[in-house]
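The values are calculated or read from the model by the stated rules, or taken from the named source; none is laboratory data. Since the model is a prediction, treat every value here as computed from it, not as a measurement. Virtual Cβ from ideal backbone geometry, glycine too; neighbours counted across all protein chains shown.
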Amino acid sequence: MKMDFDYRLLAKYLAGAISAEEMAQVEQWSSISEENKHIFSEIAKLRVAEGFIKYNNVERIDAALKMVNSRINVKKRFTLLLSVMKYAAIIILVLTVAISGYTYLKPEKYYTIAVSEDTNVKKVLLSDGTTVWLHSNSSLRIPASFLKENRNVILKGEAFFDVAKKQKSPFNVYTKYVRVRVLGTAFDVKVNEKAKSVETTLVRGRIALLNQDGDQVMKMDPGEKVTYTKDDNKYLTEDVDANLCAAWRLNQTIFENTTLREIAKKLSLKYNVNVNIESSELAQHKFRCVINQDESLAGVLNLLKFMTPINYRIEGQEVFIGEDKVNRHK
């Protein structure tokens, strides 16, 4: 069974711009032969692959298109002009893989390093010498080996990166909302899926933030934190203590302008106790400190007591915190 088929529909499918009527034509075409079925299967895999985003740039696609045009002409399977949408170039490559085994843009093998919610921090050394600290409930998708022209990783959750210097290729951190590009520096990236936001904090060096289209939005200086929110498409910049913000990688808990009520909630979960605060006024008192994860409950309370006039007592699973009125007036 033969049918005239417009291969540009495959490009529209990959770009997510295909109509229901056009999709029906694609499905009919894919059912004609095992070869067509295999080609469509490869395209479908590429469409959902996380690594696909790194191939979507004009220079790489155009270069690949020029390299495979001659092969397509020789095979006489179909022809596509350079004016076809950029995604069509990737389609041509996928078809060429199926037809002649050409693998110029075939995504390299990736594997994922994940940290469970019960684990605080996991330190990872990448093949280029970059050190990554992954926070709990986070994952990093990395290639088996980096390409010569770039070093790309995909982050979900939060991670601190100390990127290896003396590398000519840029290091890219892809998230669901923005991309961070660097050469050699140290920075923290936190992706909040619920809020659809990304916080990027620069400790040293310089980094650039790129949008999903790969366009540079801004460059950051050390001590800056930029928060991007997808819903309003805005970038908020603020000056912070960058080392304090990244202290979690050293297995430390950070309290930055945090109320005693918020601290009490975290202590309750961490030490499995009920924390009772004497007054609402005391509960709103704010603290700024860093506490080691292995610190005892009494050690944490003593630190808070050192910072502000409070007293406490521990009775089994109950903790009572009140004002130290004697020292308060000294």
Exercise. Those residues that are part of a strand (DSSP E or B) and within 28 Å of the chain's Cα centre (by Cα), I need them from the stretch 257-273; list them, please.
Key: Asn257, Thr258
Quiz item: Among Asn276, Asn243, which is the only one that is in a helix (DSSP H, G or I) and either hydrophobic (A, V, I, L, M, F, W, C) or in contact (Cβ under 8 Å) with a residue 12 or more places away in the chain (or both)?
Solution: Asn243
Quiz item: Could you count how many residues in the stretch 160-178 are within 8 Å of the chain's Cα centre (by Cα) and in a strand (DSSP E or B)?
Solution: 2
Self-check item: Residue that is surrounded by the most Cβ atoms within 10 Å (Cβ to Cβ), among those in the stretch 278-330 that are at pLDDT 85 or above and among the acidic types (Asp, Glu)
Solution: Glu323
Quiz item: What is the residue count in the stretch 133-159 for residues that are assigned to a loop (DSSP other than H, G, I, E, B) and either at pLDDT 95 or above or farther than 19 Å from Tyr177 by Cβ (or both)?
Solution: 8
Quiz prompt | Of all residues in the stretch 116-135 being in contact with a strand residue (DSSP E or B) (Cβ under 7 Å, 6 or more places away or on another chain) and either over 18 Å from Asp162 (Cα atoms) or among the charged types (D, E, K, R) (or both), the one that is surrounded by the fewest Cβ atoms within 10 Å (Cβ to Cβ) | solution = Lys123
Self-check item: Where Ala246 falls short, out of the listed (1) of a type in the set (Gly, Ala, Ser); (2) within 14 Å of Leu202 (Cβ to Cβ); (3) surrounded by fewer than 19 Cβ atoms within 10 Å (Cβ to Cβ)
Solution: (3)
Quiz item: Do the conditions hold for Asp294, that is, is it part of a loop (DSSP other than H, G, I, E, B) and assigned by TED's automatic domain parsing to the domain that holds Val191?
Solution: no
Quiz prompt | Residues that are surrounded by fewer than 21 Cβ atoms within 10 Å (Cβ to Cβ) and either farther than 20 Å from Thr227 by Cα or of a type in the set (D, E, K, R) (or both), drawn from the stretch 159-181 | solution = Asp162, Ala164, Lys165, Lys166, Gln167, Lys168, Ser169, Pro170, Lys176, Arg181
Quiz item: When you scan the stretch 108-140, how many residues do you find that are acidic (Asp, Glu) and touching a Ser or Thr at 6+ places or on another chain (Cβ under 6 Å)?
Solution: 1
